[in-house]
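I'd like to ask you about the structure that follows.
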Amino acid sequence: MEQDGGQEVTEETKTQTGYCKFCGQSGIIYAPKTWSQEEVNEAATCRCECDEAKKYAESKERVQKAKNRITELFGSNAERPIDQDVVTIMLDVVDAIEARHMKGVTIDVGQGVRAKVSKMAKESIKVERTETSKKTYEE
């Protein structure tokens, strides 16, 4: 294993040239040998310093963080998981919200659980789980 530009180059990786999909600038990417040119270009785009690439990388990171939070709050490893079909819908909604097709969505899962995903004013994506319990006693 050798060091090349601060990154480890192993037998499974190789130095590849990728191109920013916005400005066309080339960049050296240390990627698995199995990556296609499209994947290498994607990595180069996310590392490019042009304005469009920076916005793209920030957007991609925002979406990934929101999806991770959905999985954490609602997925199978959550304290009280919800149905996987609902989680899948929420994960798909994140892409639609980031693409500005919608501002947000609230899903009433039942049993007092609501799931909300929405775009905030400063471009962040908010993921919220609300659980309400109402207890009424009549003696």
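Throughout, read-outs are computed from the coordinates displayed, never taken from laboratory work. All values reported here derive from a predicted model rather than from experimental measurement. Neighbour counts are summed over all protein chains in view; Cβ atoms, including those assigned to glycine, are modelled from backbone coordinates with ideal geometry.
Using a basic spin-label model with each label point 7 Å from the Cα along Cα→Cβ, how many nm lie between Ala99 and Met120?
Result: 2.4 nm between the two label points.
Take every Cα pair under 8 Å in the chain that's 6+ residues apart, average their separations, divide by the length, and report that relative contact order as a whole percent.
That works out to 13 percent.
Sticking with this structure for a sec: Just the isolated ones, please: cysteines in the chain lacking another cysteine beta carbon under 4.7 angstrom.
Flagged as lacking a Cys partner: Cys46.
Follow-up. How far apart, in nanometres, would the label points at Glu131 and Gln111 be if each is projected 7 angstrom from Cα along the Cα-to-Cβ direction?
If labels sit at Glu131 and Gln111, their model points lie 0.9 nm apart.
Let me ask you something else. What residues have an amide H closer than 5 Å to that of Lys14, excluding those fewer than 5 places away on the same chain, when H is modeled at 1.01 Å from N in the peptide plane?
Under 5 Å from the amide H of Lys14 lie the amide H atoms of Ala31, Lys33, each far enough along the sequence or on another chain.
A further question follows. Specify which residue in the list Gly24, Trp35, Met120 is farthest towards the positive end of the charge dipole of the chain, using unit charges on the beta carbon of Lys, Arg (+1) and Asp, Glu (-1), about the Cα centre.
Met120
In debye, nearest 20: dipole of the chain around its Cα centre with unit charges on the Cβ of K, R (+) and D, E (-)?
Here the size comes out at about 640 debye.
May I pose another question? Note down the magnitude of the dipole of region 57-131 about its Cα centre, charges +1 on Lys and Arg C-beta and -1 on Asp and Glu C-beta and zero elsewhere, to the nearest 20 debye.
With only Lys, Arg, Asp and Glu charged at Cβ, the dipole is about 340 debye.
Note the full-extension length gain between Ser59 and Thr88 as 0.36 nm times their separation in residues minus their Cα-Cα distance, in nm to one decimal. Walk me through the numbers before you get to the answer.
Numbers: separation 29, 0.36 × 29 = 10.44 nm, distance 1.98 nm.
Stretched out fully, the Ser59 to Thr88 stretch lengthens by 8.5 nm.
Using helices alone, what [θ] at 222 nm do you get for the chain, with -39,500 (n - 2.57) per DSSP H run of 4 or more residues, divided over all residues and rounded to the nearest 500?
Calculated from helices alone, the mean residue ellipticity at 222 nm is -12000 deg cm²/dmol.
Quick check: pseudo-label points 7 Å beyond the Cα along Cα→Cβ at Asn68 and Thr34, how many nm apart are they?
About 2.2 nm, to one decimal.
Another question, if that's okay. Can you flag which of Lys65/Lys134; Lys60/Lys116; Lys67/Lys122; Lys67/Lys134; Lys54/Lys122; Lys65/Lys103 are past 23 Å Cα-Cα?
Too far apart for the 23 Å limit: Lys65/Lys134; Lys67/Lys134.
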